[in-house]
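J.: Just dropping this structure here.
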Amino acid sequence: MSMTILDLDNVSVRIPIYDVGSMSIRRDLMHLTTGGRVCQEASKVYVVEALSEVSLSLRSGDRLAIVGRNGSGKSTILRLMAGIYQPSAGRVQRVGRVSSLLDMGCGLSNEASGYRNMITLGLMLGLSYRDIRKRTDEIADFTELGQYLDMPVRTYSSGMRLRLAFAVATCVTPDILLLDEVIGVGDQHFMVKAQQRLMAMASRAAICVITAHWAEVLMDICNRGLTLEKGRVVDEGPIAAVVERYGRSAAASEDRHAAA
């Protein structure tokens, strides 16, 4: 049986911002206190270094929690792991099927019915037509959308679209599961169902990488932790120790801002 692997080797992601002509915009960019490091490469080209020289090695059984302030690079590193972003430097190695619950609803066709979108999204996930057809009834039951599944997606509310996309994205367990922190998939009843389903997926996946602000969720699922700050790894180790140190650092930062 092949080993599931997710490796980042000295990876950086640099995002260019062209034609920054306004003096006020340039000043704001150079004084950002969150997000990646901002530098100037040419007179009208600025670069946000969203990730800088990040190295990480994950193997089967690893459950990694990534913590950090908003803008620290958490979503960027997940998109890099998923292959949505390509590294500006360094190397990414993936061995195993990857499923990323990052941009829910991406790939939905407004004019197609819910059932037709199930097939399209399933094929995009790498399932065969036969496999997705076998899962259609189970997906439909989970969405609780009933007769709406026969209607065009353009008639759906945003919550209904997310239910459909979430149900398809979680109908199979990948080798590598990437889960972003901000996933809203409906009312409280459905959120409970969604969280239970995600927890079950995370426990079955060979490798799981999750970002969340909820320490109790991270502690329940993960065995490793990593803290990002302005696109750089500033802490790594067992989950309990990383969460504790991050909590102390965040509290100290809030105290400094309150005193300022």
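Values quoted throughout were computed directly from the atomic coordinates according to the rules given, and no laboratory measurement underlies them. Just so you know, these numbers come straight off a predicted model, no measurement behind them. Every residue, glycine among them, receives a Cβ derived from its backbone with ideal geometry; neighbour counts consider all protein chains shown.
J.: When N is the residue count of the stretch 101-205, what does its C-alpha Rg come to as a fraction of 2.2 N^0.38 Å? Before the final figure, lay out each step's value.
T.: On the way: Rg = 12.7 Å, N = 105, 2.2 N^0.38 = 12.9 Å.
Compared with the compact-globule rule of thumb, the stretch 101-205 sits at 0.99.
J.: Within the stretch 58-135, report the chymotrypsin sites (Phe, Trp or Tyr not before Pro) that DSSP leaves as loop and that have at most 11 other Cβ atoms within 10 Å.
T.: Filter output for the stretch 58-135: empty list.
J.: Still on this model: Using Cα pairs closer than 8 Å and at least 6 residues apart in sequence, work out the relative contact order for the stretch 101-205, in percent.
T.: The value is 34 percent.
J.: Search the structure for amide H atoms under 5 Å from the amide H of Ile17, placed 1.01 Å from N in the peptide plane, and list their residues when 5 or more places away or on another chain.
T.: Excluding prolines and chain starts, which carry no amide H, the hits are Tyr46, Val47, Val48.
J.: Also, I was wondering about something else. Given charges of +1 on the Cβ of Lys and Arg and -1 on the Cβ of Asp and Glu, with all other atoms neutral, how large is the dipole of the stretch 101-205 about its Cα centre, in debye to the nearest 20?
T.: Dipole of the stretch 101-205, to the nearest 20 debye: 220 debye.
J.: Ranked highest first by average number of other Cβ atoms within 10 Å, how do 5-12, 204-211, 238-245, 190-197 line up?
T.: So the peptides 5-12, 204-211, 238-245, 190-197, ranked by packing, come out 204-211, 5-12, 238-245, 190-197.
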